[in-house]
Each structure stands twice: as structure tokens, then as C-alpha cells.
Amino acid sequence: MDEVEFERVIQQMPMGACIINEQCIITFTNSAFFGGLTTRNDHLTGQNLLTIFAEQARFLKRKIDSVFVLKNPSFSYWQQRPHVFPMRSTRPITGDESQMYQNVQFMPIINHNGDVGHVCIVVTDVTAEASYFMQQTALKNELERDHKKLKQLHDELKTAQKQMLQSEKMASIGQLAAGVAHEINNPIGFVRSNLETLNDYMDKLIKTNETQKKIISKQAEPRFIALLDDVYEKNGIAFICEDLPELVEESLEGTERVRKIVNGLRDFASPDNETWCEVNLSAEIGSALIVLENEIKYKATTAVTLPEEDIVFWAKPSAIRQLLFNTMINALHAMQPMGVLSIECGYNNKDILLSISDTGCGIEPDDLARIFDPFFTTKDVGKGTGLGLSEVYATVQEHQGEVNVTSELGKGTCFEFTFKADLR
Ligand SMILES: Nc1ncnc2c1ncn2[C@@H]1O[C@H](COP(=O)(O)OP(=O)(O)OP(=O)(O)O)[C@@H](O)[C@H]1O
Ligand SMILES: [Mg+2]
């Protein structure tokens with residue numbers, strides 16, 4: 001191939017080529033370079049590259065200098081600098097890309113002395129690749145956005161399903177509870193009333209017996225008295241007289257406990273018909289803290305965050321009071337001295353958010369799904385009825401609110417309540 005033919009090949013190459021000397025004077029451009037420019041230039045050869053492309057002069061100079069000094073090629077990738085030379089794309093893929101995306105190579109041309117005499121700048125049109133790449137990136141971002149939305153929807157569905165299961169479970173337990181409460185209420189009523197009557201009879205019998213014994217011991221023959229003492233001794237009458245009042249008292253206490261449980265169950269099954277009114281939640285929190293002051297004092301410090309304005313909403317005051325007590329007492333029971341009982345309350349648009357958290361023992365993950373069930377308790381027999389949180393749940397339902405519990409073993413538990421600020 002002779003020189004003329006070789007130059008023709010270079011002229012027709014589908015990539016722009018421009019050769020410059022050490023002073024950055026252009027000594028050669030091929031037609032792809034010259035013709036591709038969007039600026040009007042009648043003649044490029046003999047002109048200074050940095051003057052013609054003044055906007056990119058600093059960048060070009062740095063690249064060109066590095067090639068002259070280091071004698072190594074240098075490269076500019078479209079993603080860092082998409083449009084080094086103002087050229088129109090020869091293959092726009094979409095109508096959007098009018099400017100050419102370019103990869104630019106700066107290649108040393110070594111002369112016979114072994115020095116870099118010239119630098120050849122080769123401009124490759126990568127508009128198609130860049131456009132494809134950008135479309136893929138946009139698609140990927142869109143997919144990621146969709147995926148995120150789907151995940152959020154999935155989480156919301158999961159929460160809704162959990163709440164539905166919980167309320168279904170509660171509804172059926174509620175029916176059962178109402179039935180049981182009703183059935184127990186009658187027998188426990190007459191057992192208690194009979195015990196009270198028995199208590200009265202027993203008092204009279206014991207007093208009569210003591211009087212009888214006094215009279216006999218004063219008036220009767222000694223042989224008769226000895227016989228009676230023998231009968232008393234054999235039947236342990238003295239002990240019975242001492243023990244009887246205690247037995248009856250304990251039984252009465254037992255029936256009182258059963259009565260409380262039955263009332264709790266009734267409240268859970270059908271919260272009473274207490275009237276609704278504007279309830280000042282900030283004030284209720286304040287008074288709950290005062291009432292529980294003695295309990296709190298030895299157990300925890302309190303951290304209360306309330307907004308300046310009072311939080312007022314439409315509710316049943318005693319149910320809300322009970323909700324605060326039950327949750328706060330549970331928190332106190334869960335803590336070793338000295339823990340922290342935190343109460344936070346505030347508005348979030350049309351919602352009222354209330355959180356009650358402690359730094360207590362936490363709840364076993366397996367127990368979390370059961371804490372609102374009536375009679376679920378981890379406390380010792382006689383210590384807890386397991387009705388506190390089921391009452392709380394019933395109140396939340398009745399107020400069309402929500403309750404969410406998060407807990408970490410050994411770290412603490414947080415009850416988050418959401419109530420509607422505009423329920424009325
Ligand atoms: N803040 C808390 N930290 C750790 N465990 C808790 C907390 N709140 C509730 N629990 C667990 O949930 C169970 C049920 O609570 P709930 O208030 O219904 O009943 P209880 O406190 O056991 O008895 P009661 O409230 O009727 O006296 C508790 O026994 C306890 O295991
Ligand atoms: Mg409790």
C-alpha cells in the first residue's frame with residue numbers, strides 16, 4: 001500500500017482522527033473529524049487545537065501534555081466526559097441523542113529519534129452504546145423503584161393480615177369470654193352470698209359454743225365436764241374454732257378474685273357503655289404518673305415527652321385511663337431498679353401517637369403473638385390474671401386505633417398506640 005492509498009484509508013475511517021504537533025497546531029484531520037464537527041470551520045490544518053476548542057482547552061492540554069511527557073497513550077471515556085468535541089452523532093439511536101457520545105484516545109506518534117513528535121487524537125462514536133447503556137440504567141432504576149413499591153405493599157399487606165388474624169382471634173375469644181363470664185357469674189354470686197351467710201352463722205355458733213362451755217364448766221359435775229373436754233379434745237374443736245374464720249375469709253377472698261376476673265372478661269367481651277367525651281390525653285398521662293408515683297419511685301426514672309398543646313381526642317375516659325395503667329404497670333413489672341419508663345405522645349396529621357416503652361426484660365418472640373390473649377401471663381400464679389393487655393386491646397379496637405409492640409429480650413419493650421384525632 002502506498003502513502004496516498006494509506007491516507008485515503010485514514011480519511012475514510014469511521015472514526016475521527018486529528019494530528020497535532022507539540023505546539024498543539026493541527027497538522028492533519030480526516031473527514032470524519034472535520035465533517036463531524038457541529039461548529040463551522042473552513043480550515044483546521046494550521047490552527048491551534050486549544051484555540052478552536054477553547055471550552056475544553058484545559059482538559060485537552062492536560063491530556064496532550066501527558067502523552068508528550070510520558071510517551072504513553074491516554075484515554076477519555078464517555079461516562080466521565082461524554083462530549084469532548086462538539087460533534088453530531090452519526091448513529092442516533094433515539095431522537096434524543098443529537099450530540100455524539102465519544103471515547104477519545106490520545107496516541108503518541110514516535111519519530112525516528114524515539115521522541116513523541118505528534119499526538120494523534122482518535123474520536124470514536126459510542127452514541128449507540130451510551131444510549132443503550134443509559135436506557136438500561138433508566139430501566140434498572142425504574143425496576144428498583146417498582147421493586148421497592150412492591151416490597152412496601154407486601155409489608156403493608158403482611159401487617160394488615162396480622163391485624164386481621166389478631167382481630168378475628170380476639171372476636172372469637174371475646175364471644176367465648178362473654179359466655180364463660182356469664183356462666184361463672186351466677187354460681188360465683190351464690191357461693192359468695194352463701195359464704196357471707198356461713199360467716200355470720202359461724203360467728204354465732206362459735207360464740208354460743210363458748211358461752212355454753214363457760215356455763216357448763218361452772219355449773220356441771222366434774223365428771224360431766226371431763227367427758228365434754230374429752231369430746232372437745234378428740235374432735236379438735238379448739239383448733240376448728242380458731243381455723244374456721246380464717247378458712248371462710250380466704251374463701252371470700254378467692255371469690256373476690258374470681259369476681260374481678262369475670263368483670264375483666266366482661267370488659268374485654270363488651271366494653272361497658274360508658275359515655276364518650278373529649279379526653280385530655282396529656283392530663284391523663286400526668287395523673288397516671290402521679291397515681292403510680294409510689295410504684296415508679298423504686299423502679300424507674302421517667303422520661304416524658306409531650307407537646308406543649310394538650311392532646312385531646314374523642315374517647316372513653318376510664319377505658320383510656322385503664323389502658324395507661326395496664327401498660328405502665330406491665331412496664332414497671334418488667335424492669336429491675338432502676339430502669340427508664342419513657343412516654344411519648346404527639347400528633348401525626350390526623351393521628352395521635354402514644355408510645356410507652358421500658359428498659360425491662362423484653363418479651364420472648366414466641367410470646368409476642370399471645371400477649372393480648374385473655375389469661376396469657378408469664379407471672380406467678382396469683383400474681384397476674386393475664387387480662388391487662390386483653391383489656392388494652394379491646395379499648396384500642398373500640399377506639400378504632402392500632403397497637404404495635406416491639407420488644408428485644410434483655411433490652412426492653414415498646415407499645416406504640418395510634419388513635420384517630422378526628423374520631424367523632
Ligand atoms: N412491658 C412488658 N415487658 C415485658 N413483658 C410484658 C410487658 N407487658 C406485657 N408483658 C407480658 O405479657 C403478659 C401479659 O400481660 P397482661 O398485662 O395481659 O397480664 P399480666 O400483667 O400478666 O397480668 P395482669 O395485668 O392481669 O395483672 C405478661 O405476663 C408479660 O409476660
Ligand atoms: Mg398486666
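Picking from Ala300, Ala334, Ala315, Ala319, which residue would you name as being in the same structural domain as Cys361 (by TED's automatic domain parsing), in contact with a Pro (Cβ under 7 Å, 6 or more places away or on another chain) and either buried (at least 17 other Cβ atoms within 10 Å of the Cβ) or modelled with pLDDT under 95 (or both)?
Ala319
Touching a strand residue (DSSP E or B) at 6+ places or on another chain (Cβ under 7 Å) and more than 27 Å from Ala171 (Cα to Cα) - does that describe any residue in the range 387-397? So far as the range 387-397 goes, no, none of its residues is touching a strand residue (DSSP E or B) at 6+ places or on another chain (Cβ under 7 Å) and more than 27 Å from Ala171 (Cα to Cα). Candidates Leu153, Leu165: the one that is among the aliphatic types (A, V, I, L, M) and either modelled with pLDDT under 85 or open to solvent by less than 40 Å² (accessible area, probe 1.4 Å) (or both) is Leu165. Within the range 356-368, the set of residues being open to solvent by 20 Å² or more (accessible area, probe 1.4 Å) and either closer than 21 Å to Ala319 by Cα or touching a residue at least 60 places away in the same chain (Cβ under 8 Å) (or both) comprises Ser357 only.
Could you say whether any residue in the range 60-73 is within 23 Å of Phe133 (Cα to Cα) and either open to solvent by 50 Å² or more (accessible area, probe 1.4 Å) or among the charged types (D, E, K, R) (or both)?
Initial filter on the range 60-73 (within 23 Å of Phe133 (Cα to Cα)): none.
No: zero hits.
With respect to (1) within 30 Å of Glu256 (Cβ to Cβ); (2) modelled with pLDDT under 95; (3) of a type outside the set (Lys, Arg); (4) outside any loop (DSSP other than H, G, I, E, B), the lone exception for Gly384 is condition (4).
Within the range 369-393, being acidic (Asp, Glu), near ligand 2 (Cβ under 10 Å from one of its atoms) and open to solvent by 70 Å² or more (accessible area, probe 1.4 Å) holds for no residue. Contact map, the range 153-167: residues that are in contact (Cβ under 8 Å) with a residue 24 or more places away in the chain and outside the structural domain of Thr406 (by TED's automatic domain parsing) paired with residues that are open to solvent by 70 Å² or more (accessible area, probe 1.4 Å) and part of a helix (DSSP H, G or I), Cβ distance under 8 Å, separation 6+ or inter-chain. Pairs shown: Ser167/Gln397.
The values are calculated or read from the model by the stated rules, or taken from the named source; none is laboratory data. Owing to the predicted nature of the structure, the values given are computational and were not obtained by experimental measurement. All Cβ positions, glycine included, derive from the backbone under ideal geometry; neighbour counts span all protein chains shown. For the accessible areas, the whole protein counts, side chains as well, though only heavy atoms, and no ligand, DNA or RNA atoms are used. Shrake-Rupley method; radii C 1.70, N 1.55, O 1.52, S 1.80 Å.
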